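Since the structure comes first, as structure tokens, the remarks are kept for the end.
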Amino acid sequence: MTSTMIESKSIELLNEFGLFKAPVNVVKLAEKIGITIEEQDLDDGVSGFLVRKDGADIIGVNKYHPEVRKRFTISHEIGHFKLHVEVPLFVDYYKGSKLNRKNAGGNYRLEKQANTFAACLLMPKRLILDELAKLDEELEYELKLYSLSKKFIVSKEAMDYRLKALGLYDYGF
Ligand SMILES: [Zn+2]
């Protein structure tokens, strides 16, 4: 599955439920597709998980993590839900944690796809272009980054990565 296909899937999903606007309401999206979100007392290294049970699909998210990380985790798990229907359980570890490498045991390809899905879902290209158009072109990249990450409720790192992936890094220079 290519990133272009993943991007199309994320946009279709947002449009289907009238959620194609910034900031993307990922909690509502999860509800709409029948997933229950549970904020849980998880180990700091664990970002979240997806459990697929008949008619009772659950996304667990670490209640101690900051809002932007929770939103990314929920989006990542929605990615697994939509893209990897054959896998009943995913447990996701925070990237900065030592647990990540040791215990994830995950399939790198599937994790990468879920991350791509999450970035596309939270930061759709068209919405980013709309927001960029509202900003002063002369604004420094750092300030644009700040403004966009606030608008989309994502971390500056995630927005920076997304802008670079979209080739918008030099926007305004
Ligand atoms: Zn994952």
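Brief remarks on what is shown
- Overall form of the stretch 124-173 per C-alpha gyration tensor (a/c, 1.5; a/b vs b/c): rounded
- Extension gain, Glu16 to Glu138: 0.36 nm times the residue separation minus the Cα-Cα distance gives 40.3 nm.
- Residue list for the stretch 50-66, given a label point 7 angstrom along the Cα-to-Cβ vector of Glu38 and an amide N cut-off under 19 Å: 50-65
- Asp130 contributes about 70 Å² of solvent-accessible surface, heavy atoms of the protein only, 1.4 Å probe.
- Within-9-Å neighbourhood charge of His76 [Cβ basis; K, R +1; D, E -1]: -3
- All C-alpha pair distances within the chain, sorted into 10 Å bins from zero, spread as 10, 38, 36, 14, 2, 0 percent across the bins.
- Summed over qualifying helices (DSSP H, 4 residues or more, each -39500 (n - 2.57)) and divided by its residue number, the chain shows a 222 nm mean residue ellipticity of -16000 deg cm²/dmol.
- Range in the chain, longest, excluding exposed GluC sites (Glu not before Pro) [loop by DSSP; at most 12 other beta-carbon atoms within 10 Å]: 1-85
- Karplus-derived 3J(HN,Hα), 6.51/-1.76/1.60, for each residue of the stretch 83-94, Hz, glycine and proline x: 9, 10, 5, 7, 9, x, 8, 10, 10, 10, 9, 5
- When the residues Thr36, Thr4 are ordered by accessible surface, computed with a 1.4 Å probe over the protein chains alone, the sequence from largest down reads Thr4, Thr36.
- Choice from Arg69, Arg126, Arg52 with maximal GNM fluctuation in the chain (Cα, 10 Å cutoff): Arg126
- Annotation: amide H-H contacts under 5 Å for Tyr64 (H modelled 1.01 Å from N, sequence separation of 5 or more, or interchain): Leu42.
- Most to least accessible of Tyr161, Tyr169, Tyr93 (protein chains only, probe 1.4 Å): Tyr161, Tyr169, Tyr93
- Local electrostatic count at Val85 - Lys and Arg +1, Asp and Glu -1, tallied over other residues with Cβ under 14 Å: 0
- Net charge of neighbours whose Cβ lies under 15 Å from the Cβ of Phe17, counting Lys and Arg as +1 and Asp and Glu as -1: +2
- Sulfur and carbon atoms: percent of accessible area, the stretch 3-122 [1.4 Å]: 50 percent
- Only aspartates and glutamates eight or more places from Lys28 in sequence, or on another chain, were considered; those with a Cα closer than 18 Å are Glu12, Glu16, Glu38, Glu39, Asp57, Glu67, Glu77.
The values are calculated or read from the model by the stated rules, or taken from the named source; none is laboratory data. Model, not experiment: these values are computed from the prediction. Virtual Cβ from ideal backbone geometry, glycine too; neighbours counted across all protein chains shown. Note: areas computed on protein heavy atoms with side chains; ligands, DNA, RNA excluded. Shrake-Rupley method; radii C 1.70, N 1.55, O 1.52, S 1.80 Å.
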